[in-house]
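These notes are about the structure you will find just below.
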Amino acid sequence: YTLIHREIARFASVYAQTIITPVTSTLLFYTIFALAFGGLEKEVGGIPFLQFLAPGLIMMSMVQNAFANTSSSLIIAKVQGNIVDILMPPLSALELLAGLVICGLARGLAVGAVSSVIMSLFLSLPIQSVGLIVLFSVLGNVLMATLGIIGGVIAHKFDHLAAFTNFFVMPFTFLSGTFYSVESLPGAWALLAHANPFFYMIDGFRAGFIGHADGSIEIGIVLLVAINIVLCAVTYWMLKTGYRIKS
């Protein structure tokens, strides 16, 4: 409880950077596609393009911030030398893992909630399945929060973490079908898109709003659950052994 309270207070104290800024970026993406690319007139599978686009933008912003929360928390603690504040208390590796992941999930959901409210002021967002929205929000944010812990543990400085973000997180996010339907891609590219786990985060979350999915919802759930289990196991091992944080 104390670790969760500490981490939530940390990002809430700079809400302009951790909440307002990503929401603003989401609105900028929305504005660019709505105005510069004629999004007001386009449709995707009979669905207005902006209704198709909005859920993807919201999900993209959520998962990026879930990753940023856990990774930045660890790398700042390592650089400033106060990582001992986390390691010295009698917390097990499982408690550390749970606390950090819950806080990453909390920040992601906070960004998603604010983005959804602001976005609803500009267009009508239909909701077809609350269950899918909640399920994929949790699966996606937990995956990225866990990945953020791995990135924060491995990185020795901010440059290492920036490289991890720029060469892994961002490409997978932007190639996930956030801005387009993967059904429009040619064969090889469509197969590549379906191999991207980020695609299933976006696709399942979007299906909860518009009722349309480019891929299989069932495959997406199974794949994301499996990846989460693997990442949690890897992260637990890192925290348990003190890999790169106790030496």
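With angles folded into 0 to 90 degrees, how steeply does helix 130-154 sit against the dominant principal axis of the chain? Use alpha carbons for both and round to 10.
Between the helix axis and the principal axis of the chain, the angle is about 40 degrees.
Angle, helix 197-210 long axis vs. longest principal axis of the chain, Cα atoms, 0 to 90°, nearest 10?
Value to nearest ten degrees: 50.
Could you sort 226-233, 99-106 so that the peptide with the highest average Cβ count within 10 Å comes first and the rest follow in order? Working shown, then result.
Values: 226-233: 15.0, 99-106: 22.6.
Those peptides, ordered most packed to least, come out 99-106, 226-233.
Highest first, please rank the peptides 79-91, 13-25, 111-123 by the mean number of other Cβ atoms sitting within 10 Å of their residues.
Values: 79-91: 12.0, 13-25: 14.8, 111-123: 17.4.
Result, highest mean first: 111-123, 13-25, 79-91.
In terms of the ratio Rg/(2.2 N^0.38 Å) built on C-alpha atoms, what value belongs to the range 49-118?
Working: Rg = 15.4 Å, N = 70, 2.2 N^0.38 = 11.1 Å.
Cα Rg divided by the expected 2.2 N^0.38 Å: 1.39.
Apply the a/c threshold of 1.5 to the C-alpha gyration tensor of the range 124-198 and tell me whether it is rounded, prolate or oblate. Provide the component values of the computation, followed by the final result.
Values: a/c = 2.62, a/b = 1.38, b/c = 1.90.
Oblate.
Quick one: ranking Glu7, Glu95, Glu218 by accessible area, 1.4 Å probe, largest first, what do you get? Could the numbers behind the result be given before it?
Working: Glu7 0, Glu95 95, Glu218 125 Å².
From most accessible down to least: Glu218, Glu95, Glu7.
If you take the charge dipole of the chain about its Cα centre, with +1 on Lys and Arg Cβ and -1 on Asp and Glu Cβ, which of Ile217, Leu191, Ile227 is farthest toward its positive end?
Projecting each Cα onto the dipole axis, the largest value belongs to Ile227.
Could you tell me the number of lysine pairs in the chain with C-alpha atoms less than 18 Å from each other, where the two lysines are 8 or more residues apart or belong to different chains? Don't skip to the end; give the middle numbers.
Numbers: Lys78/Lys157; Lys78/Lys240; Lys78/Lys246; Lys157/Lys246.
Summing the qualifying lysine pairs gives 4.
In square nanometres, what is the average projected area of the Cα convex hull of the chain?
Details: hull surface 53.2 nm².
Result: a mean projected hull area of 13.3 nm².
Using the Cα centre of the chain as the reference point, and only Cβ charges (+1 on K/R, -1 on D/E), how large is the resulting charge dipole? Debye, rounded to the nearest 20.
Values: 10 positive and 10 negative charges, 155 e Å.
Using Cβ point charges on Lys, Arg, Asp and Glu, the chain gives about 740 debye.
Angle check, please: helix 217-241 long axis (alpha carbons) against the longest principal axis of the chain (alpha carbons), in degrees 0 to 90, nearest 10.
With rounding to tens, the tilt is 20 degrees.
Express the carbon and sulfur contribution to the solvent-accessible surface of the chain as a percent, rounded to the nearest whole number, probe 1.4 angstrom.
Values: 8180 of 11560 Å².
Ligands and nucleic acids excluded, carbon and sulfur reach 71 percent.
Taking 8 Å as the Cα distance limit and 6 or more residues as the minimum spacing, I'd like the relative contact order of the range 24-152 as a percentage.
Numbers: 118 pairs, mean separation 50.3, N = 129.
Reported as a whole number, the value is 39 percent.
Contact order normalised by length for the range 88-247, with contacts defined as Cα pairs under 8 Å and 6 or more residues apart; what percent is it? Numbers along the way, then the final one.
Working: 139 pairs, mean separation 56.3, N = 160.
Computed value for the range 88-247: 35 percent relative contact order.
What's the center-to-center distance, using Cα atoms, between the range 194-234 and the range 162-189 in Å?
If we compute the Cα centre of each part, the gap is 14 Å.
At 222 nm, what value in deg cm²/dmol follows for the chain if DSSP H runs of at least 4 each add -39500 (n - 2.57) and the sum is divided by all its residues, to the nearest 500? Working shown, then result.
Working: 11 runs with 169 residues, N = 247.
Mean residue ellipticity at 222 nm (helix-derived): -22500 deg cm²/dmol.
The values are calculated or read from the model by the stated rules, or taken from the named source; none is laboratory data. Bear in mind that the values here come from a model prediction, so they are computed numbers and not experimental data. Note that each Cβ is placed from the backbone with ideal geometry, even for glycine, and that neighbours are counted across all protein chains shown. Calculation scope for accessible area: heavy atoms of the full protein, side chains included, ligands and nucleic acids excluded. Shrake-Rupley method; radii C 1.70, N 1.55, O 1.52, S 1.80 Å.
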